[in-house]
Amino acid sequence: TSSYFSTDDSAANSITGDIDVRVFGALTVWGADGLAQTLIAKDPQVGVNPRDWDLYLDGTDNKLNVEYSLDGTSSLSVISTAAHTLTDGVQGALRFTRVASTGVFTFYQSTDGMATWTQIGNTVAGTAGALADTNRSLVVGAASVGTNPTGGRIYRAQIYSGINGTLAVDFNPNLSTSAQTFT
């Protein structure tokens, strides 16, 4: 629970338009354990600015939460309308997409790696506009250095520019060359 990976801010991980974020792993507890778990974030620790976005499980109801900002300062948030049904300790994947022009979020889960996606609940109306583009690092497995760590294993995290668009970031820990950074 104290391990995470991070990479510096870059053009590739600074997506401001339509975005598609996917995380595949086997969490010890997939959410309802009373502890917030951040899966992936381009954001500092909660409540600190500037901020971009983060995907986390709040620890109470197995719903997916996304906090995001359009200006780097103000925090907005959306929550999936239904809970995911992934099983503790078993491999699964969670995903969110956001359409910049409408602000609409859609949440998904997968039980076969990341091949087949099932929508979780209904789409959620967020605020339209471009996501903030700050100089924050991208962190997998925590919100920032050790904040809201994820218990279990994350095998892959991908960020697409556009929904099912161009793969911009492909986190694969098997390709890591050091303990806590990836390129």
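Descriptive notes on the structure:
- Taking the 1.4 Å solvent-accessible surface of the chain as the whole, the part contributed by carbon and sulfur is 48%.
- Per residue, the accessible area of the chain comes to 43 Å² when a 1.4 Å probe rolls over the protein heavy atoms.
- Per-pair calculated FRET efficiency, R0 = 41 Å: Leu76 and Thr118 via Cβ, rounded to 0.05: 0.95
- Relative to its Kirkwood radius, the Cα radius of gyration of the chain gives an Rg/Rh of 0.92.
- Rounded to whole Hz, the Karplus (6.51, -1.76, 1.60) HN-Hα couplings of region 15-25, x for glycine and proline: 7, 10, x, 4, 9, 9, 10, 10, 9, 10, x
- Rounded to the nearest 0.05, the FRET efficiency derived from the C-beta distance between Ala26 and Thr166 at R0 = 22 Å is 0.20.
- Rough spin-label spacing in nm, given labels placed 7 Å along Cα→Cβ, for Asp8 and Ala130: 2.3
The values are calculated or read from the model by the stated rules, or taken from the named source; none is laboratory data. Quick caveat: nothing in here was measured; it's all calculated off a predicted structure. No Cβ is skipped: glycine too gets one built from the backbone with ideal geometry, and neighbour counts run over all protein chains shown. Surface accessibility is based on the protein's heavy atoms, side chains included, excluding ligands, DNA and RNA. Shrake-Rupley method; radii C 1.70, N 1.55, O 1.52, S 1.80 Å.
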